[in-house]
Amino acid sequence: MRRLAVILLLLPSLLLAQHTISGIFSPAEDYNVVLLYKSTPTVSEYISSAEIEEDGGFQFELDSTVTKGMYKIVYAIPQEDYNFDVIYNAKEDIELTFNSETGVTFEKSFENKLLASYTNSMAMVTQSLGNYYNQQLKDTTALKAIFKTQKETQENFEKAAKDHIVFEFIKANRPYIPEGDIDFKTYVKLLKSHYFDYVDFNNEILQSSSFLEEKMLNYVFGLTSNEKDETANYKDNIDVFCEVLEPTALEIKRILLVDLWQQMVDLNKEQVANYIAETYLMDIAVTLNDQSLLHGLILYKDTSIGSDAPDFLVEGDKGDGKTAKKLSELKGYKNYVIVFWSTTCSHCLEQIPQLSAFFKTTDNEPTKVIAIALEEEDAKWKIEKLKHPEFIHVYGKGKWDNEIGNSYGVTETPTYFILDKDKKIVAKPEDIDELKTFFGNE
């Protein structure tokens, strides 16, 4: 009983801070707070937050309930873009510095410092290889020496990392290393074919980090051939990646391919984004019954360049016996401009008059503007629309919950779509200047 009493008295102290993650963010004035999450293959669990002091310092106190594994430190919004991985083995304190330009540097932590040292060492070997091939050197002895150094570096780091979490990353990143001299073209071909040899996509440590995503992106964007165009290269690389990914859990496939799809969307690679969706992601969404993902993929495809513009009523039945008219039924114009705007949007109130003036002063073939006002109520809209009688005006009741706006995936105003005479989407200008450029090049 006496021993039990002692243990119960000690229990609170045992649960107190065991280790810390601390460091300095610079420039300090750019940051207010940092968040700590424990990462798992599919979700991130909030652990703690810490304020950034005036000198940029912060500290997380980790008690015994914080178990070893992969963690993310989030320092800005959106969280998925502004974060970095931290390996925590529940045996050591971690100290780091973070700079907005140079990234994270670990000052104290065997696991994290070893990974950084490995990355830097292998990068130096890769640079030596690049220099050798770029200079078209013929000294095969030198080439063999570089490959020998690469092999020894890899093996030494694997030995040093044995029985630690960091071993999973170092092992998975083992590159293809030829035994002898090899010409550049053959080397690149073999490097590409063996790129994923040591990557276990079912490894939970790798799944809980950014490693698999970075590996995927480096392969798709980095290992391309001059013999094919960009789109063909991307599609080929995506097919290879998805073949390697085949035995992986469906939810992990979904996470990785959504990331890749979003990258293509952000880069305006619509054809490639839709290829990912139609060939792989839609089937995954159906199997997982992920209706939100499926809807997003279809919406993006339906509003991509080359697609028929989603149809909607542009003129209603006013009770005079005339039939309501749809967008698809409009005729007589070479182009149509659909602009989603709002009377509560200052940018819109600046650009709508510019849009009107532009088409009054240009020599382009007839173009009809269809102005869809996304509004909560119509009082101000009824006044504003009278200033531009040459437009077809449509009242978008419900603002962000409007059926027409939702069918075009509109999330901000103004948003522009340019259609040809057959109502196919031919351009999606970012702003009024890009719209003017489109018609100026017609």
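The values are calculated or read from the model by the stated rules, or taken from the named source; none is laboratory data. Remember, it's a predicted structure, so these values are computed and weren't measured experimentally. Cβ sites come from the backbone with ideal geometry, for glycine too, and all protein chains shown count toward neighbours.
In the range 337-357, the residue that is farthest from the chain's Cα centre (by Cα) out of those that are crowded, with 19+ Cβ neighbours inside 10 Å and not aliphatic (A, V, I, L, M) is THR343.
Hey, any hits in the range 120-142 for a residue that's touching a strand residue (DSSP E or B) at 6+ places or on another chain (Cβ under 6 Å) and within 28 Å of TYR75 (Cα to Cα)?
Looking only at the range 120-142, we keep the residues that are touching a strand residue (DSSP E or B) at 6+ places or on another chain (Cβ under 6 Å), and these are none.
No, there is no match, as no residue in the range 120-142 is touching a strand residue (DSSP E or B) at 6+ places or on another chain (Cβ under 6 Å) and within 28 Å of TYR75 (Cα to Cα).
Wholly within the range 244-296, which helices (runs of 4 or more DSSP H) include no fewer than the required count, namely at least 1 residues that are under 19 Å from the mean Cα position of the chain (by Cα) and farther than 27 Å from ASP229 by Cβ? Give the steps one after another, and end with the answer.
Details: elements: 250-266, 270-276, 282-287.
Of the helices (runs of 4 or more DSSP H) lying wholly inside the range 244-296, those with at least 1 residues that are under 19 Å from the mean Cα position of the chain (by Cα) and farther than 27 Å from ASP229 by Cβ span 250-266, 282-287.
Criterion applied to ILE383, ILE418 was being out of contact with any Gly (no Cβ under 7 Å at 6 or more places or on another chain), in the same structural domain as SER328 (by TED's automatic domain parsing) and modelled with pLDDT of 95 or more, and the one residue passing it is ILE418.
Output the residue which, of all residues in the range 34-83 that are touching a residue at least 24 places away in the same chain (Cβ under 8 Å), assigned to a loop (DSSP other than H, G, I, E, B) and of a type in the set (A, V, I, L, M), is surrounded by the most Cβ atoms within 10 Å (Cβ to Cβ). Ranking the qualifying residues of the range 34-83, first place goes to VAL66.
Just one of the listed residues (LYS228, LYS171, LYS189) is surrounded by 12 or more Cβ atoms within 10 Å (Cβ to Cβ), in contact with a helix residue (DSSP H, G or I) (Cβ under 9 Å, 6 or more places away or on another chain) and under 30 Å from GLN271 (Cα atoms), namely LYS228. Scanning the range 357-380 for residues that are touching a Lys or Arg at 6+ places or on another chain (Cβ under 8 Å) and farther than 19 Å from ASN402 by Cβ turns up PHE358, ASN364, GLU365, PRO366, THR367. When LEU129, LEU114 are checked against the criterion of being touching a helix residue (DSSP H, G or I) at 6+ places or on another chain (Cβ under 7 Å), more than 30 Å from PHE184 (Cβ to Cβ), of a type in the set (A, V, I, L, M) and outside any strand (DSSP E or B), a single residue qualifies: LEU114.
For the range 84-96: of the residues being within 22 Å of PHE211 (Cβ to Cβ) and more than 25 Å from the chain's Cα centre (by Cα), which is surrounded by the fewest Cβ atoms within 10 Å (Cβ to Cβ)?
Initially, the range 84-96 is screened for residues within 22 Å of PHE211 (Cβ to Cβ), giving 84-92, 94, 96.
Right, trim to more than 25 Å from the chain's Cα centre (by Cα) and you get 88-92, 94, 96.
Values: TYR88: 25, ASN89: 17, ALA90: 13, LYS91: 11, GLU92: 15, ILE94: 25, LEU96: 21.
The selected residue is LYS91.
Does MET216 count as at pLDDT 95 or above, more than 23 Å from LYS72 (Cα to Cα) and not in a loop (DSSP other than H, G, I, E, B)? Full working, then the answer.
Values: at pLDDT 95 or above: yes; more than 23 Å from LYS72 (Cα to Cα): no; not in a loop (DSSP other than H, G, I, E, B): yes.
Answer is no for this residue.
Going by the structure shown, is PHE106 within 25 Å of the chain's Cα centre (by Cα) and under 30 Å from LYS151 (Cα atoms)? No, not satisfied.
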